[in-house]
Amino acid sequence: MEAELPSLPSLPAESVAARAALQVVRSIEPRIADAIVGELTDQRASLKLIASENYASPAVLLTMGNWLNDKYAEGTIGRRFYAGCRNVDAVETIAAEHARELFGASHAYVQPHSGIDANLVAYWAILAHRVEAPTLRRLEAKTVNNLSDADWAQLRQDLGNQRMLGMSLDAGGHLTHGFRPNISGKMFEQRSYGVDPVTGLLDYDALLATAREFRPLVIVAGYSAYPRLVDFRRMREIADEVGATLMVDMAHFAGLVAGKVLTGDLDPVPHAHIVTTTTHKSLRGPRGGMVLSQPELADQVNRGCPMVLGGPLPHVMAAKAVALAEARQPAFADYARRVVDNAGALAEGLLRRGVRLVTGGTDNHLALIDVAPDGLTGRQAESALLDSGIVTNRNAIPADPNGAWFTSGVRIGTPALTTRGLGAAEMDEIADMIAGVLAATSSGTTPEGSPSRVRYVLDPSFAAKTAARATELVAGFPLYPSIDLG
Ligand code: DSN
């Protein structure tokens, strides 16, 4: 049982709200209340270095638990398929207004439920914008997922070109940038651009040469594991030269754009025809997605639901509005700057201890450790670090000999720990722990005695000692200090 609710003045409002919510949930399904409490306990105790995760504010979290959940609102503002959408209209209008103001975008669509959904909305909008009207009308009678192979073939023929050029997965691109496990790999004939094999940096001249030869309809820029900056002005020049639409997936670095760390040529919004993002990574909002576009694509973007999206989630759109309002505060710019400073400090600490980083460092919120020199796969390193209280994820590195499943890399990022308040000194301490774990871990063997890409050897007492060090370190930076569950 939760403790009796005390009177409001004696406890922060967030604590009162959290305790009350848990009390209500527990009265119906106690196991769910336990899981909610368990998640907070785990997150409070761990050193979260997953580059795509963060901690949303209590205001953002609280905005999602209410009756906005109960409203259907398919369509968009002014063109709903349901009556009674007055309040959802207000929510969607406010969220879109904050997004436009924050990013300097002419159009914002805040309905996508995730980054994948946002990309799908964008791809459909680009295709629909560029295809002739009769073909479009025929295709609009179906949803994207219901298009047959013959429909796709017809669409390709009508367009004369349905090609996508995106960053390769091992260079840091994303599955939704035209790869087979995602529908984008079916919608488009895909080719990848990579990075320079020596420096690991984006090679714009090679990209231009590929674009000239391949003549893509869409060039996708953006990444989930590239530790450097992208020159979006240059990307747009390349797109313009070959007549392609430039789409930027800024899911990972949206917080750095919002916080004005990435400006000028590094800000995708003024340069791209269309920009997609998630709202829960460095932007620190609720789980969800968003599309920003130039005016000529706005109409097609607004058809996202029901063309490719299910009904909007009004409670999540409301939380997006709150998170975007937070991101417009001066404190968010300070946060974004500290995210990058912390990543730099972490990278420096690792390099000083002899750890190899892809590209030799970082300019953004993430770094990619090459664990091959330690004789490990990314899978083994990820597990050894987890045993030691350090939560990361394995990630392919350029030309990875171990492929996308076992990998030779571990991705680390600082958005979450920066939200907790950790700074450069703590990053150095974390670098020491990571370097120590990698040095202390060796590759294991299968039960039959052959080399394994999964099993590893790490002295459990070393792992336990490091985990205790990690817990002690984060204890100095309380997570959700205003929330006391009693
Ligand atoms: N899952 C996200 C990430 O971890 O980068 C991308 O979809």
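The values are calculated or read from the model by the stated rules, or taken from the named source; none is laboratory data. From a predicted model like this one, the values you see are computed outputs, not experimental measurements. Backbone-built Cβ (ideal geometry, glycine too); neighbour counts: all protein chains shown.
Observations, loosely collected:
- A single member of 144, 195, 121 is under 24 Å from the mean Cα position of the chain (by Cα), away from the ligand (no atom under 16 Å from the Cβ) and at pLDDT 95 or above, and it is 195.
- Answer residue from region 47-73, given it is buried (at least 19 other Cβ atoms within 10 Å of the Cβ) and in a helix (DSSP H, G or I) and is farthest from the ligand (Cβ to nearest atom) among those: 68
- Flag if residue 272 is part of a loop (DSSP other than H, G, I, E, B), at pLDDT 95 or above and more than 15 Å from the ligand (Cβ to nearest atom): yes
- Among the residues making up region 198-227, those that are within 16 Å of the ligand (Cβ to nearest atom) and not aliphatic (A, V, I, L, M) are 222, 223, 224, 226, 227.
- Extreme residue, surrounded by the most Cβ atoms within 10 Å (Cβ to Cβ), among residues of region 403-421 that are closer than 16 Å to residue 381 by Cβ and of a type in the set (Gly, Ala, Ser): 413
- Some residue of region 311-323 being within 16 Å of the ligand (Cβ to nearest atom), among the charged types (D, E, K, R), within 26 Å of residue 57 (Cβ to Cβ) and at pLDDT 95 or above: no
- Being more than 16 Å from the ligand (Cβ to nearest atom), crowded, with 18+ Cβ neighbours inside 10 Å and within 26 Å of the chain's Cα centre (by Cα) is a property that holds for residue 76.
- Residues (closer than 15 Å to residue 310 by Cα and of a type in the set (A, V, I, L, M)) located in region 63-87: 73
- The one condition in (1) under 29 Å from residue 40 (Cα atoms); (2) touching an Asp or Glu at 6+ places or on another chain (Cβ under 9 Å); (3) within 16 Å of the ligand (Cβ to nearest atom); (4) β-branched (Val, Ile, Thr) that residue 437 fails to fulfil: (3)
- Number of the condition not met by residue 481 [criteria: (1) in contact with a Leu (Cβ under 6 Å, 6 or more places away or on another chain); (2) surrounded by fewer than 19 Cβ atoms within 10 Å (Cβ to Cβ)]: (1)
- Scanning region 427-451 for residues that are touching a residue at least 60 places away in the same chain (Cβ under 8 Å) and in a strand (DSSP E or B) gives 442, 443, 444.
- Take the conditions (1) in contact with a strand residue (DSSP E or B) (Cβ under 6 Å, 6 or more places away or on another chain); (2) under 22 Å from residue 53 (Cβ atoms); residue 246 misses just one of them, which is (2).
The rows are residues; the columns are (1) surrounded by fewer than 19 Cβ atoms within 10 Å (Cβ to Cβ); (2) touching a Pro at 6+ places or on another chain (Cβ under 7 Å); (3) of a type in the set (Asp, Glu); (4) not in a strand (DSSP E or B).
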| site | (1), (2), (3), (4) |
| --- | --- |
| 152 | yes, no, no, yes |
| 165 | no, yes, no, no |
| 182 | yes, no, no, yes |
| 186 | yes, no, no, yes |
| 190 | no, no, no, no |
| 198 | yes, no, no, yes |
| 216 | no, no, no, yes |
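- Those residues of region 349-386 which are closer than 13 Å to residue 442 by Cα and assigned to a helix (DSSP H, G or I), in sequence order: 372, 373, 374, 378, 379, 380, 381, 382, 383, 384, 385
- Some residue of region 229-240 being closer than 21 Å to residue 338 by Cα, of a type outside the set (Asp, Glu), within 15 Å of the ligand (Cβ to nearest atom) and in contact with a strand residue (DSSP E or B) (Cβ under 8 Å, 6 or more places away or on another chain): no
- Per the listing 26, 44, the residue uniquely touching an Asp or Glu at 6+ places or on another chain (Cβ under 7 Å), more than 16 Å from the ligand (Cβ to nearest atom) and basic (Lys, Arg) is 26.
- So residue 386, is it touching a Leu at 6+ places or on another chain (Cβ under 9 Å) and either more than 26 Å from residue 194 (Cβ to Cβ) or crowded, with 21+ Cβ neighbours inside 10 Å (or both): no
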